[in-house]
1. Applying 1/(1 + (r/R0)^6) with R0 = 41 Å to the Cβ-Cβ distance of residue 204 and residue 259, what FRET efficiency is obtained, to the nearest 0.05?
2. Would you order 264, 161, 113 from fewest to most other beta-carbon atoms within 10 Å of each residue's own beta-carbon?
3. Using the 10 angstrom Cβ neighbour count as an exposure proxy, how do 221, 237, 166 rank, fewest first?
4. Going by how many other Cβ atoms sit within 10 Å of their own, how do 171, 225 line up, fewest first?
5. For region 238-270 and region 77-153, what is the separation of their Cα centres, given in Å?
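Rule-based calculations on the coordinates, nothing more; no lab input. These numbers come from a predicted model, not from an experiment. Cβ: placed from backbone, ideal geometry, glycine included. Neighbour counts: every protein chain shown.
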């Protein structure tokens, strides 16, 4: 890839990640609270009448709407955007590295394997995920800690620098890499997501009518093309997240402050032993309510920015001519 191509993908990744992060921040905060072991703060007791006339209290697991309501009542609407600053700071390098590494790897691997084959997408996704995770783990750790900082209105909030200091005082330099193994385990989700997404995206041109394909340049994109990419991203993310969602729960627990959770497999084992397999899917109402719109918005924004920067008469990166398939 040329230096210009790399800069295009870096900038497009920043735009996609930023837009997606801002629009879906409230859903991210609620999701993180529900994944956390401190979710008991939002558990409500329901009084039930027995046949003998006595009453008993049954603890009900909180749902997303209940958690959202309690956050608004106790902490205010600003709490729905807790950790947005560090998240945006994390999104900027993370998504830039994320997409640039993926496009760069795919460009090189297309000269080794069949162009845009499954092998190319799998290896490229693994490389970009590993690179981005290693470079930005500290930022996501701070973001999670700030989202879990549940304080009532009027109380002083913990800042990002204060959070960094507490991590260092408690765990030393090693504390900055807590949850790294859980994040690496999430590479499987990234691979599944990109393999399905690329497969669907390659078939999108076939959905155009014959007249459009005959009268217009294939490389000229319309609004419907980007809607199709959003649907492709939503579909692929649904499949990937459903399979790999427990990794999200484990990573959140490991990122918590002063808990018994230390590593990926140790935390996974404790969750199953103490809380059952259901704890791996705590957001039973809809674990995808944040991931789907975020991914759809991010991917469509990325593709749109790449398309605009490369010129309307140029093909998108995945449509460029490469080594012919065998």
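1. The calculated FRET efficiency here is 0.35.
2. 161, 113, 264
3. Ranked by crowding around the Cβ, least crowded first: 166, 221, 237.
4. Listing 171, 225 from fewest to most nearby Cβ atoms yields 171, 225.
5. What the calculation gives is 17 Å, centre to centre.
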